[in-house]
1. All other residues with a Cβ under 13 Å from the Cβ of Pro22 taken together, and with Lys, Arg as +1 and Asp, Glu as -1, what is their net charge?
2. Considering only C-alpha atoms, what is the centroid distance from the range 168-233 to the range 2-24, in Å?
3. With only Lys, Arg, Asp and Glu charged, each at its Cβ (+1 for the first two, -1 for the last two), find how big the charge dipole of the range 117-237 is about the Cα centre; round to the nearest 20 debye.
4. Mind giving me the nanometre distance, one decimal, between the label points for Thr216 and Arg140, set 7 Å out from Cα along Cα→Cβ?
5. What does the convex hull of the alpha-carbon atoms of the range 64-185 project to on average, in nm²?
6. Quick one: if the Förster radius is 22 Å, what FRET efficiency do His67 and Asp19 give, using the C-beta to C-beta distance and rounding to 0.05?
7. Diagonalise the Cα gyration tensor of the chain and give the resulting equivalent ellipsoid semi-axes, square root of 5 times each eigenvalue, largest first, whole Å.
8. For a quick check of your reading of the filter: which trypsin sites (Lys or Arg not before Pro) in the range 1-50 sit in a DSSP loop and have no more than 15 other Cβ atoms within 10 Å?
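The values are calculated or read from the model by the stated rules, or taken from the named source; none is laboratory data. These numbers were taken from a predicted model, which means no experiment stands behind them. Cβ atoms come from the backbone with ideal geometry, glycine included; neighbour counts cover every protein chain shown. The accessibility values were calculated without ligands, DNA or RNA, using every heavy atom of the protein model including side chains. Shrake-Rupley method; radii C 1.70, N 1.55, O 1.52, S 1.80 Å.
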Amino acid sequence: MKAFLLAAGYGTRLRPLTDTVPKCLLPIRGVPILQIWLDMCSRYGIDEILINIHAHAGTVHEFLQKHPHGNKVRVVEETELLGSAGTLLKNRGWVSSEDFFWVFYADVLNQVDLSEMLRVHQARRPAATLGVYCVPDPSRCGILDIGEDGTVVDFVEKPVHPRSNLAFSGLLLGTQSLLDAIPLKQPSDLGFDVLPRLVGKMVAYPISRYLLDIGTMENYEIAQRTWPAVHPGKLND
């Protein structure tokens, strides 16, 4: 399996920490976020990873050279930010032979059961399967409505008047149909430009396990207190 790990943002809300360290290498209880992701991918059989980077690219290269799973990672440096969807489109050839692939937002700290999410995707075969969770501040997120069978029937990024508090988590399984829906513009964003086009063709996977977007200083500090550091069901790893 292959996964895009989207990590090219500046991390401006985490300054001054990100003035010298890329967001993907900020430590959570002493462990860099990127290491947490690489270990998780290895645990679930994701053996090829493409990570896009922009700021502090040299630091990321140096980290990967020393990491035991670093040889599985393809690094793509973006001199100009392409956006979450633009990165996928730019590197479409990398997954051209794949029926499906993972897309992860690197600043989402989580303990999601990827095996179960994959099982749901393979049973339904939608254009995309979105990991979703309930949030207290829906106006800051990509918000969706779902039908009784889990089909996504509405998607609005950062709505002024949210219709629900069910949000896209930043974890999804995509297909060639997802890539076909990406507009030919740069930058382009999954939440604003792509997922609304696929309403009726996507399935939601509810997440009940630990998940936290550490993109703000408040949440980053919460992660230091709450991250369990051990994946459920993997205590003997």
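1. Neighbourhood net charge equals -3.
2. Between the Cα centres of the range 168-233 and the range 2-24 lies a distance of 16 Å.
3. Magnitude of the dipole: close to 280 debye.
4. Between Thr216 and Arg140, the simple spin-label model gives 0.2 nm.
5. So the mean shadow area of the Cα hull is 9.6 nm².
6. It comes to 0.40.
7. 25, 20, 19
8. Counting only loop positions with at most 15 other Cβ atoms within 10 Å, the trypsin sites (Lys or Arg not before Pro) in the range 1-50 are Arg29.
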